[in-house]
Amino acid sequence: MDIATKYNPLETEDKWYKYWLDNNIFKSVPDDREPFTIVIPPPNVTGVLHMGHMLNNTIQDVLIRRAKMQGKNTCWVPGTDHASIATEAKVVAKLKSEGINKTDLSRDDFMKHAWEWKEKHGGIILDQLKKLGASCDWDRTTFTMDKKLSDSVVDVFVDLYNKGYIYQGVRMVNWDPQAKTAVSDEEVIHKELNSKLYYLRYKIEGTQDEWLTIATTRPETILGDTAVCVNPNDDRYKHLKGKKVLVPLLNRSIPIIYDDYVDVEFGTGALKITPAHDIHDYEIGHKHHLQSIDIFNDDGTLSENAELFIGKDRFAVRDEIIPELKKAGNLVKIEDYVNKVGFSERTDAVIEPKLSMQWFCKMKELAKPALDHVMNDDIKFHPAKYKNTYRHWMENVQDWCISRQLWWGHRIPAYYLPNGEFVIAKKAEQALELAKQKTKDNNLTINDLKQDEDVLDTWFSSWLWPISVFDGIRNPENDDIKYYYPTNDIVTAPEIMFFWVARMIVAGYEYLGEKPFKNVYFTGIVRDQQRRKMSKSLGNSPDPIELMKIYGADGVRVGMLLSSPAGNDLLFDENLCEQGRNFSNKIWNAFRLIKQWEVDDKIAQPEHAKKAIEWFDAKLNNTIEQLDDHFLKYRLSDALMTVYKLFWNEFSSWYLEAIKPAYQQPIDKITIDKTINFLEKLLKLLHPFMPFITEEIWHLIEERDQGECITNTLMPTAEKYDKKLIVNFEIAKEVISSIRTIRKDKNIPLKDALTLNAKGNGNEYNDYFDSVISKLANLSEINLVSDKKDENSIAFMVKTLEYYVPLEGLINVEDEIEKLTKELEYNKGFLSSVMKKLSNDNFVNHAPAKVVENEKTKKADAEMKIAALEKRIESLK
């Protein structure tokens with residue numbers, strides 16, 4: 001068989017992926033086997049493959065392929081998320097580049113452009129996952145705006161509304177002025193910034209020169225102030241009860257109010273209250289029945305309600321208002337100040353707290369089962385440390401703002417009547433019937449109803465993902481949902497624990513009365529060597545496709561997994577991918593070595609080969625036990641490292657060396673058959689991690705039938721083995737290594753056979769692997785002796801046993817004397833330096849006793865070495 005000198009992943013990977021697809025290797029339908037299901041965390045339809053996707057999907061693929069090789073019916077459902085904010089932003093930008101404004105289009109026309117964009121770009125990331133080797137059932141590819149999923153979202157909205165969980169109301173929301181939509185609390189990233197604290201004074205109404213000073217980081221919002229609040233226990237302000245102050249620049253009269261919320265120690269102890277633009281101010285305003293003045297337009301510019309700076313951006317106004325305040329005599333001072341500012345996760349715009357009519361979902365009651373089933377480990381978190389974070393969030397869960405002021409997404413099924421009331425229905429026709437019942441007006445037509453313009457939060461579809469991909473909302477008794485649900489594992493990042501994981505668990509118990517998955521595997525964040533999160537903006541994220549071209553998909557998979565324990569961040573280093581590629585080459589070269597041996601079925605099996613087989617069989621079974629334990633505990637990085645070491649260190653470095661025939665000599669049939677059997681088992685253990693090279697070699701070992709693949713073979717299981725074989729072979733390895741060190745130190749060629757003497761009796765010495773030791777160390781004989789070594793022997797210890805290698809006639813005496821003399825001079829010099837310290841009374845009397853004792857030990861050791869070296873030199877003369 002002609003086997004290429006070098007493994008070429010670029011040729012191999014496309015060939016085998018096509019083979020897997022052509023033979024429906026990844027396809028799954030319900031049958032009698034145990035199911036094993038993973039639903040992919042749907043990447044944004046706007047996305048392209050990044051390093052986080054690489055890590056996440058490699059882990060999923062490892063879990064799926066291993067389960068498949070354990071005889072389970074695996075189903076990995078792929079798909080993409082419509083990503084309302086991100087996708088709409090992309091479409092708006094594209095239209096703008098073509099000279100078209102969104103505001104000039106009807107909703108239907110805009111949606112046509114959006115769908116065109118999705119069809120062109122939406123499948124890119126899924127195609128890239130194929131390059132990675134993802135074993136998804138591509139026939140099940142799902143999009144969150146497919147009909148069955150869209151219908152499911154609407155059905156759930158209607159159901160939760162009818163149950164009293166969904167309501168509409170004016171609330172303070174996180175407003176993204178760039179996307180012009182509300183975002184949830186979890187979509188706000190708080191960053192620490194170096195800001196300014198502005199001290200402004202408000203004139204007490206009806207006084208000549210009496211002022212009240214406040215401190216604020218947002219001077220532009222004074223235009224929306226409707227009160228100044230102080231603590232009722234603050235003696236400084238008790239005399240101001242019932243009085244009013246004038247808003248700077250506007251001279252609008254607003255009351256001084258009293259509330260325990262105000263911290264007497266912070267700033268001046270006086271707080272400006274802007275109910276429309278701060279959540280705490282909103283709550284105080286609501287409590288004290290204050291007017292609320294919204295001074296911002298949806299895009300973050302100042303509205304007519306501000307009276308000044310109308311149409312200007314909020315940050316431009318912050319710069320412009322300070323000189324005006326100074327000129328008016330209202331600016332007291334400015335201080336540097338560090339504070340946390342909320343940014344939109346999607347657009348990175350500074351969030352503006354804003355009062356807005358939105359749709360909300362009550363979460364407290366819905367969250368209870370989801371909390372209980374995680375805390376009692378019905379759903380297991382890996383690592384378990386995230387349970388505490390989860391519990392904290394679920395115990396303090398807030399109502400979920402589920403409406404977004406966008407067009408791309410699932411439109412809210414609320415229909416408004418001419419009188420301002422609304423009805424909730426799945427379809428317009430049903431809404432009309434409800435409207436007629438509500439108004440008792442049978443003359444109403446569909447044209448009289450106006451559907452809500454807003455869409456639902458993207459997560460409102462994603463939280464149904466493990467159910468809706470199997471159509472379990474619309475049809476909860478269908479074969480797929482009954483067979484594949486609950487799914488087995490979800491692999492995701494801890495930063496979306498609340499966005500997605502918690503809500504999926506809530507939906508699972510609410511709609512199917514069952515957990516959506518049994519295990520949650522939290523990956524770490526992929527970071528660079530400076531511990532920065534990889535991102536396009538920092539330019540520190542390599543292109544995964546380019547990495548796979550250089551190192552092969554298997555190489556990149558191995559490189560990432562070797563340093564990615566669950567829940568811990570991965571410090572990515574391209575050298576790890578090179579290590580992965582080197583491992584691929586190691587596997588390939590081991591295979592080539594085995595295949596190039598000539599086989600003679602007439603020759604007997606040597607004793608050393610027989611013993612080496614016994615040892616490796618025990619080692620293999622022991623490793624399979626370790627692997628099973630690692631997978632049970634979701635320690636995938638440890639699992640890979642375990643099989644990596646087994647192949648590299650044990651199989652290649654020790655086993656193959658032990659059974660390798662002499663130069664240009666054949667190998668016996670029993671040994672080669674067992675070796676290929678070992679190789680096949682190793683390939684199976686490696687396959688979930690390195691699917692391409694293992695498939696390639698498995699097919700090169702022997703001719704396979706069409707449609708056969710290693711993916712469909714069974715994973716090796718641990719059989720009974722003798723642990724003593726492993727322990728005794730480790731001793732044999734130490735003996736061999738010690739002899740090799742002697743050869744190296746004494747420049748004794750490997751072709752020169754040595755004698756090994758072991759001091760002890762038959763009970764102390766185990767000779768089981770003597771044949772392997774003799775072969776690998778090239779020994780002419782191994783003797784058990786009771787007397788001391790002769791002067792021309794080198795001794796070494798392994799465990800408690802002493803060994804001697806006689807060297808008479810094997811070394812160049814002059815060279816050896818020269819080498820030993822240099823070593824003797826070095827040790828004499830070292831002893832001299834120690835003696836100087838010990839002869840110094842100041843050192844001996846004042847240094848710590850431990851330090852003095854340490855120097856005395858160095859002296860004794862040096863004297864022993866000098867004596868041994870002098871004796872050795874004398875014996876050679």
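The values are calculated or read from the model by the stated rules, or taken from the named source; none is laboratory data. Here the structure is a predicted model, which means the values were calculated and not measured. Every residue, glycine among them, receives a Cβ derived from its backbone with ideal geometry; neighbour counts consider all protein chains shown. For accessibility, only protein heavy atoms count, side chains too; no ligands or nucleic acids. Shrake-Rupley method; radii C 1.70, N 1.55, O 1.52, S 1.80 Å.
Annotations
- Check on Pro476, assigned to a loop (DSSP other than H, G, I, E, B), open to solvent by 10 Å² or more (accessible area, probe 1.4 Å), in contact with an Asp or Glu (Cβ under 9 Å, 6 or more places away or on another chain) and not aliphatic (A, V, I, L, M): no
- Count - residues of the range 373-384 that are part of a loop (DSSP other than H, G, I, E, B) and open to solvent by less than 40 Å² (accessible area, probe 1.4 Å): 2
- Of all residues in the range 3-19, those that are open to solvent by less than 30 Å² (accessible area, probe 1.4 Å), within 21 Å of Asp137 (Cβ to Cβ) and out of contact with any Phe, Trp or Tyr (no Cβ under 6 Å at 6 or more places or on another chain) total 1.
- Entry remark, the range 273-290: residues being assigned to a loop (DSSP other than H, G, I, E, B) and either in contact with a helix residue (DSSP H, G or I) (Cβ under 8 Å, 6 or more places away or on another chain) or farther than 22 Å from Leu246 by Cα (or both) number 6 in total.
- Among the residues of the range 385-399, those identified as part of a loop (DSSP other than H, G, I, E, B) and open to solvent by less than 90 Å² (accessible area, probe 1.4 Å) are Asn396, Val397, Asp399.
Here's the yes/no breakdown for (1) within 30 Å of Lys724 (Cβ to Cβ); (2) in contact with a Cys (Cβ under 6 Å, 6 or more places away or on another chain); (3) modelled with pLDDT of 95 or more:
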site	(1), (2), (3)
Ser535	no, no, no
Gly555	no, yes, yes
Ser563	no, no, no
Leu620	yes, no, yes
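- Residue among Glu816, Glu764, Glu802 that alone is farther than 25 Å from Ala732 by Cβ and under 57 Å from the mean Cα position of the chain (by Cα): Glu816
- Filter result for Val228 (in a loop (DSSP other than H, G, I, E, B), open to solvent by less than 20 Å² (accessible area, probe 1.4 Å) and either in contact with a Gly (Cβ under 7 Å, 6 or more places away or on another chain) or touching a residue at least 12 places away in the same chain (Cβ under 8 Å) (or both)): no
- Residues being touching a residue at least 12 places away in the same chain (Cβ under 8 Å) and closer than 27 Å to Ile310 by Cα - total across the range 285-296: 8
- Matching residues, the range 410-440, being touching a residue at least 24 places away in the same chain (Cβ under 8 Å) and in a loop (DSSP other than H, G, I, E, B): His410, Ile412, Pro413, Leu417, Pro418, Ala425, Lys426
- Wholly enclosed strands (runs of 3 or more DSSP E) of the range 122-224 bearing at least 1 residues open to solvent by 20 Å² or more (accessible area, probe 1.4 Å): 166-176, 188-204, 211-216
- The range 23-40, residues that are crowded, with 21+ Cβ neighbours inside 10 Å and either in contact with a Pro (Cβ under 6 Å, 6 or more places away or on another chain) or assigned to a loop (DSSP other than H, G, I, E, B) (or both): Phe26, Ser28, Val39, Ile40
- Between Lys241, Lys272, Lys287, the distinction of being open to solvent by 10 Å² or more (accessible area, probe 1.4 Å) and at pLDDT 95 or above belongs to Lys272 only.
- Within the range 699-724, restricting attention to residues that are in a helix (DSSP H, G or I) and free of Cβ contacts under 8 Å to residues at least 24 places away in the same chain, the residue that is nearest to Leu620 (Cα to Cα) is Lys724.
- The set of residues in the range 837-863 being assigned to a loop (DSSP other than H, G, I, E, B) and either more than 23 Å from Tyr826 (Cβ to Cβ) or of a type in the set (Asp, Glu) (or both) consists of Ala847, Pro848.
So that you can scan it fast, the table gives a plain yes or no per residue for (1) touching a helix residue (DSSP H, G or I) at 6+ places or on another chain (Cβ under 6 Å); (2) open to solvent by less than 90 Å² (accessible area, probe 1.4 Å); (3) under 30 Å from Thr141 (Cβ atoms):
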residue	(1), (2), (3)
Lys426	yes, no, yes
Ala431	no, yes, no
Ala435	no, yes, no
Lys438	no, no, no
Asp441	no, yes, no
Leu444	yes, yes, no
Asn447	no, no, no
Trp465	no, yes, yes
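- Enumeration of residues in the range 479-500 that are touching a residue at least 40 places away in the same chain (Cβ under 8 Å), in contact with a Phe, Trp or Tyr (Cβ under 7 Å, 6 or more places away or on another chain) and part of a helix (DSSP H, G or I): Asp480, Tyr484, Pro494, Met497, Phe498, Phe499, Trp500
- Residue that is farthest from Glu304 (Cα to Cα), among those in the range 244-272 that are assigned to a loop (DSSP other than H, G, I, E, B) and touching a Pro at 6+ places or on another chain (Cβ under 8 Å): Asp260
- Applying the criterion of being more than 19 Å from Lys196 (Cβ to Cβ) and either of a type in the set (Ser, Thr, Tyr) or in a helix (DSSP H, G or I) (or both) to the residues of the range 292-315, the residue that is most open to solvent (accessible area, probe 1.4 Å) is Glu304.
- Long-range neighbours under 7 Å by Cβ, at least six apart or interchain, first residue in contact (Cβ under 8 Å) with a residue 12 or more places away in the chain within the range 355-373, second open to solvent by 50 Å² or more (accessible area, probe 1.4 Å) and hydrophobic (A, V, I, L, M, F, W, C): Leu355/Val170; Ser356/Val170; Met357/Val170
- Residue count, the range 528-552 (criterion: under 27 Å from Pro383 (Cα atoms) and open to solvent by 50 Å² or more (accessible area, probe 1.4 Å)): 5
- Test: residue in the range 316-323 that is surrounded by fewer than 16 Cβ atoms within 10 Å (Cβ to Cβ) and under 29 Å from Asp234 (Cα atoms): no
- Just one residue in the set Phe616, Phe631 is within 27 Å of Tyr7 (Cα to Cα) and touching a residue at least 60 places away in the same chain (Cβ under 8 Å); that residue is Phe616.
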